[in-house]
Amino acid sequence: MLKGFRDFIFRGNVVDLAVAVIIGAAFSAITTSLTANVLTPLISALVGAPDFSSLVLHVPVLNHASAAAATAPGAPKPGEIHYGLFLNAVIAFLINAAAIYFLIVLPVQKLLTRIEGNKPAAPVTTKPCPQCLSEIPLAAARCKFCTQSV
């Protein structure tokens with residue numbers, strides 16, 4: 001039983017996943033810092049400080065007993081929808097996603113295409129059979145699937 005567990009833990013994809021999660025957590029700190037310390041102040045300098053946390057939608061409360069009940073500090077009061085906080089979270093997500101895409105994903109894709117572009121294409125070793133369209137070796141005189149002469 002322990003041998004099966006050991007084999008599962010040390011299987012390649014489980015270890016790779018664990019490494020990816022750890023690197024992802026460290027990378028999250030980098031992107032959060034980039035967003036909070038570089039991009040957001042830059043955007044604020046260009047268009048003003050965008051903060052929507054004060055936007056609240058007031059909804060009539062039908063149950064007055066729950067409206068009079070004391071709420072925890074910082075919790076929304078009954079009848080208030082703080083959609084400004086949601087807008088702040090959406091904007092922060094979009095800034096993070098744009099930073100990751102333009103500063104990480106796009107350059108890595110360009111680098112990979114540059115590296116892979118220098119490799120010669122693999123030589124063609126098969127051709128389609130004219131009769132059954134199966135892939136057969138280039139030097140074949142007959143198709144191994146339909147026995148048609150090629």
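The values are calculated or read from the model by the stated rules, or taken from the named source; none is laboratory data. This structure is a prediction, so every number in the text was calculated from the model and none was measured. Positions of Cβ are generated from backbone atoms using ideal geometry, with glycine treated the same way; all protein chains shown enter the neighbour counts.
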Within segment 109-125, is even one residue in a loop (DSSP other than H, G, I, E, B), at pLDDT 80 or above and of a type in the set (S, T, N, Q)?
-> yes
The lone condition P60 fails out of (1) assigned to a loop (DSSP other than H, G, I, E, B); (2) loosely packed, with under 10 Cβ neighbours inside 10 Å; (3) modelled with pLDDT under 80 is (3)
Could you list, in sequence order, all residues of segment 23-41 that are surrounded by 10 or more Cβ atoms within 10 Å (Cβ to Cβ) and of a type in the set (A, V, I, L, M)?
-> I23, I30, L34, A36, V38, L39
Only one of A99, A140 is part of a helix (DSSP H, G or I) and either within 37 Å of the chain's Cα centre (by Cα) or farther than 30 Å from L39 by Cβ (or both); which?
-> A99
Select from segment 63-85 the residues that are at positive phi and either surrounded by 12 or more Cβ atoms within 10 Å (Cβ to Cβ) or modelled with pLDDT of 65 or more (or both) and list them in ascending order.
-> G79
Hey, L112 loosely packed, with under 12 Cβ neighbours inside 10 Å and at negative phi or not | yes
